[in-house]
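Beneath this line is the structure, given in C-alpha cells, with notes to follow.
No lab work stands behind these numbers, since they all come straight from the coordinates. Since we're looking at a predicted model, the values are computed, not measured. Reconstructed Cβ throughout: ideal geometry from the backbone, glycine too, with neighbour counts over all protein chains shown.
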Amino acid sequence: MEEKLTQLRQEINYHLYRYHTLDDPIISDAEYDQMMKQLRELEVQYPDLVTVDSPTQRVGAEPLESFEKVTHPLSMTSLANAFDDEEVRHWLGRVERLLPDGMTVEDLEFVVEPKIDGLAVALTYQDGILVRGATRGNGVVGENVTANVRTIKNIPLRIPVSADAPPPPTRLEVRGEIYMPIAEFNRFNQQQLDMGEKIFANPRNAAAGSLRQLDSKITANRPLALFGYAIGYVEGAEIPTQLAALEYLRQLGFPINPDITHTKDFAAVLDFIHHWMEGRDSLRYDADGAVIKLNDIKLQQLLGVAGNSPRWAIAYKFQAREATTKLLEIKCNVGRTGQVTPYANLEAVNIGGVTVRQATLHNFADLVKKDIRAGDTVIVKRAGDVIPQVVKPILELRPPDSQPYQPPTVCPDCHEPLTHFEDEVALVCINTACPAQLVRQIEYFVSRSAMNIDGFGIKIGEQLAKAGLLKNVADIYALTREQLLKVEGFGDKKADKLLAAIENSKSQPLEKVLTALGIHDVGSAIATLITHEFSSVEALQKATHDDLEKVEGIGPHIADSIVAWFSHLPNQQLIEKLRQAGLTLAVVGLTTAKNKESLPLAKLIFVITGTLPTWSREQAKAFIEQHGGKVTETVSKKTNYLLAGEKAGSKLSKAQSLGIPIIDESKLQEIVAGKLGN
Ligand SMILES: [Zn+2]
C-alpha cells in the first residue's frame, strides 16, 4: 500500500507540475480530480501513511500562534542598487579592479534577470523533500512559513518532479521570489473589494500579506506562485555557474523565469534592461528592476561580499510607479454624453520623475467601496501612459474628523439632477443645455459621423461657445455672417464657407441627426436601427420603453436612455429648435420597414470589396441600405451583386467563380436610378 500511495502522489505532483509550472497539462481536470479523490480516500483509510510531501497537504494546516524564528544557515544578502546606466558602469568598474591577474571585463559573462516584486524565500529540501520554507526577514533571521509555502501550487513538495531528472541532492536550499501574477492580483483585489474586504496596494503587498498568514488555509486560497532564482547551498551536486544553477533547478522541477538572459556583451546587458523597463506593463508579473549577476560562481566567491551586499551582483531599479500623497479634494468631471466621473486633486507628488497633481478615481461605485475621502493620505499609481490613479487610502493616517464621500446627486456644472442607469456604474447628466457638456457636444454634433459640418473644428466650437453665440447645438443654425465676422480669425471667405457647410448639413438623413443628438449609448449603429423602426423623431418621442425594447438590437439600457432623454424638457426644446432650423427629422425616401419592399434594391444582397473611388465602405453600405438592399460580409450563392473597387481580393475571385455580377459605384447608382434592370 505504501508503494501504491507513493506512486499516486508522485503522479499527482507531476501533473501539478505540468499544469502550474510548465503550463502544459497532459490530463483533464476531471482526471486530476479523480486521482486526488482516490489519494484522499486512501489517506483517510491509512492515516499513518500520510507524508509531508503529499499533495493533500497543500490545503493548509492548523493556524499558528506566531511564526517560529529561523536562522538562515547562509545569510540572505540584499543587493546593492543602481538607478541608471552610469551607476551600473561604475559597478562594472569596481568589479574590473578586483578581477584576478590576466582577466579582463571581456572575459566576464553576465546573467540578467527581471527583479520580481514579491517576497524572497529560502526553501530547504532534505533528500528531495521540502522540509522548510523561510522568509528572508533581516537576512540573518527569517520566519518559518513552511505550512504556507506548501500550499503554493508551483512549489514542489518533493524533487525531482519528473522521472527523467537528476537524482535529488542530499541537501538543497533554493532561493526564490514568491509573487502574485498581475492578472491574479487584479482578480483577487476586485473580489476583495466586492466582498467589502481589505484590498492591497500592489502585487508585492498582496504576496507578502498572503504568505505571512498564521492560518495557512488562507494562504492556500491566494493565487501565489514562485520563481526560483538561485541556489543558497547544495550538497551532492557541482554547480559551476549561475546559469547552470538555474538549469539544475529547472530540471528538478522548479519554475524559472523564462525571461532570464545570458550574455558576454555588457552593452547587451543594458539593452535587455531598457527593453524590460519599457515593456514592464506587458510582463505578467510586477518587476521593479533587473538583476545583473556574474555567471561564474568561483568568481562570485572570489569577489565576496561588501557590507551586506555581494560585489558580484547589482540590482538596477526601475523608476517608482507609486507614491503616497495627500488627497486634497474630490471633484467631478462632466463628459460629452453627460457622464460624470470623479477625480482627485492631490498635493503635488513626484512619481518616477513626473509631478502628479491629479488622479482618476474611476467611478463612484469604486470610490465608495474603497472609502476614499478628502484629507486622506492615499497611494497613487502612475503606470506607462495611463492617467495616474488613486489606488487606496492609508486608513492609519486618516484624520479623525474625516467624513465619508457622498457622490453628487446633481450635475456639478448645471445643477440638474443626475440620472443613474440601472446596472451601470456611471452617473449621467442628461441635460443638453449643460455648459460643461456643450463644447464636447458641439464637437461631436458637427463631426463626420453626425452632422458632418465641414471646417467646424473644436477650436471654432470653443470660440463660439466662449463668445456666447452657442448655448446649445441648435444655435449653430442661428449663426449669422455678422456674428462670425466678429470672431477672431474669421474673414468673409471663412464665414461664408462655414455657413454653407452648416446649410448643407440640414440634408443629413435622420439617422445622422439622431447620432448627433449624443443620446447616451446611441451611436450611429443604434441610430440606424432606430430609423428602421421609427420613421421620424416625432414617432420616437412617442415611443415607450416597451416599444423601443421590441426593436432588435435595443436592450433595456438603451431604451431607458432614449426615454429619459426625450422626457427632459430642455431636450424637447432643442428638438423643436432643430425642427425650425429645417433639419431632417423624418425619414426621406420612405425607408421604413413597411414600404421597404417597393425600394429599388429591395431583396437584393450585396457584398462590398476593395477601395471605391468616392465612397467609403460605410457610405456605400448606407446607400445600399437606404434603397432597401442588404449588405453582407461574405460572398455566397445568395449574393446578388459584388460591389468592387480597386485592390479587390479574394471576394472578387470568389464572386467570379460563382458567376455573380460584379459592379462598380456608378453602376450601382444606375441600378438605383432605374436605368438598369435587376
Ligand atoms: Zn450638467
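I'd like the FRET efficiency for Val354 and Lys577, computed as 1/(1 + (r/R0)^6) with the beta carbon distance as r and R0 of 51 Å, rounded to 0.05. Can you show the working numbers first?
On the way: r = 45 Å, r/R0 = 0.89.
Efficiency, rounded to the nearest 0.05: 0.65.
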**Q.** Relative contact order of region 272-352, defined on C-alpha pairs under 8 angstrom at six or more residues apart (%)
**A.** 23
Q. Can you pull out the cysteines in the chain that have no other Cys Cβ under 4.7 Å?
A. Cys332
Q | Label-reachable residues, region 172-195, where backbone N falls under 18 Å from a point 7 Å from Asp215's Cα toward its Cβ | A | 192-193, 195
(Q) Taking the Cα centroid of region 540-576 and of region 197-240, what is the distance between the two, rounded to the nearest whole Å? (A) 54
Q | Residues in region 325-347 reached by a label modelled at Ser402 [backbone nitrogen below 16 Å; 7 Å Cα→Cβ] | A | 325-331, 344-347
Q: Compute the acute angle (0 to 90°) between the alpha-carbon long axis of helix 29-45 and the principal axis of greatest extent of the alpha-carbon atoms of the chain; round to the nearest 10°.
A: 40
**Q.** Label-reachable residues, region 339-364, where backbone N falls under 20 Å from a point 7 Å from Ala201's Cα toward its Cβ
**A.** 344-362
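Taking the Cα centre of the chain as origin, work out the dipole magnitude from +1 charges on Lys and Arg Cβ and -1 charges on Asp and Glu Cβ, in debye rounded to 20.
On the way: 73 positive and 87 negative charges, 344 e Å.
Using Cβ point charges on Lys, Arg, Asp and Glu, the chain gives about 1660 debye.
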Q: Kindly give Rg over Rh for region 2-59, based on alpha-carbon atoms, with the Kirkwood expression for the hydrodynamic radius.
A: 0.97
Q: Report the label-to-label distance for Asp194 and Glu416 in nanometres (one decimal), using points 7 Å from each Cα along the Cα→Cβ vector.
A: 3.4
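At a Förster distance of 25 Å, what's the computed FRET efficiency of Glu633 paired with Ser524, Cβ-Cβ distance as r, to 0.05? Display every interim value, and only then the final one.
Details: r = 18 Å, r/R0 = 0.73.
For Glu633 and Ser524, the calculated efficiency is 0.85.
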Q.
Starting from the 7 Å offset along Cα-to-Cβ, what nm value, one decimal, do you get for the label separation of Arg171 and Ser28?
A. 4.7
Q | Cα lying deepest toward the dipole's positive end in region 81-317, options Pro167, Asn148, Ala208, charges on Cβ | A | Asn148
**Q.** Cα lying deepest toward the dipole's positive end in region 430-588, options Thr480, Leu574, Gln437, charges on Cβ
**A.** Thr480
Q.
If each residue of separation counts as 0.36 nm, what is the full-extension length gain between Ala267 and Leu328 once their alpha-carbon separation is subtracted?
A. 17.4 nm
Q) Roughly how many nanometres apart are two label points built 7 Å out from the Cα toward the Cβ at Lys497 and Thr544? A) 5.2
Q | Rounded Å value of the spacing that divides the Cα centres of region 284-317 and region 86-127 | A | 4
(Q) For a quick size check, give me the Cα extents of the chain along its three principal axes, largest first, whole Å. (A) 91, 67, 62
Q) Using Cα atoms only, what is the angle between the long axis of helix 569-581 and the major principal axis of the chain, expressed in degrees (0 to 90) to the nearest 10? A) 50
Q) Which of the lysines could be linked to Lys637 by a straight reach, that is with a Cα gap under 16 Å, when you skip same-chain ones fewer than 8 residues away? A) Lys603, Lys651, Lys654
Q | Computed magnitude of the charge dipole of region 116-193 (debye, nearest 20; Cβ of K, R +1, Cβ of D, E -1) | A | 140
Q | Percentage relative contact order, region 593-673, counting C-alpha pairs under 8 Å, at least six apart | A | 34
Q) What ratio of Cα Rg to 2.2 N^0.38 Å holds for region 501-616? A) 1.15
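Quick one: putting +1 on the C-beta of Lys and Arg, -1 on the C-beta of Asp and Glu, what dipole do you get for region 593-673 around its Cα centre, in Debye to the nearest 20?
Working: 12 positive and 8 negative charges, 71 e Å.
That gives region 593-673 a dipole magnitude of about 340 debye.
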Q.
Assuming 0.36 nm per residue, please report the length gained on full extension of the stretch Val386 to Leu569 beyond their Cα-Cα distance.
A. 62.0 nm
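Mean residue ellipticity at 222 nm from the helices of the chain, using -39,500 (n - 2.57) per DSSP H segment of n ≥ 4 over the full residue count, to the nearest 500 deg cm²/dmol? Display every interim value, and only then the final one.
Details: 24 runs with 240 residues, N = 678.
Mean residue ellipticity at 222 nm (helix-derived): -10500 deg cm²/dmol.
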Q) Among Lys331, Lys326, Lys637, which comes first, second and so on when ranked by fewest other beta-carbon atoms within 10 Å? A) Lys637, Lys331, Lys326
Q.
Angle check, please: helix 617-626 long axis (alpha carbons) against the longest principal axis of the chain (alpha carbons), in degrees 0 to 90, nearest 10.
A. 50
**Q.** Relative contact order [Cα under 8 Å, 6+ residues apart], the chain, whole percent
**A.** 9
Q.
As I understand it, the dipole of region 322-397 uses +1 on the Cβ of Lys and Arg and -1 on the Cβ of Asp and Glu, about the Cα centre. Which of Tyr343, Val354, Thr325 lies farthest toward its positive end?
A. Tyr343
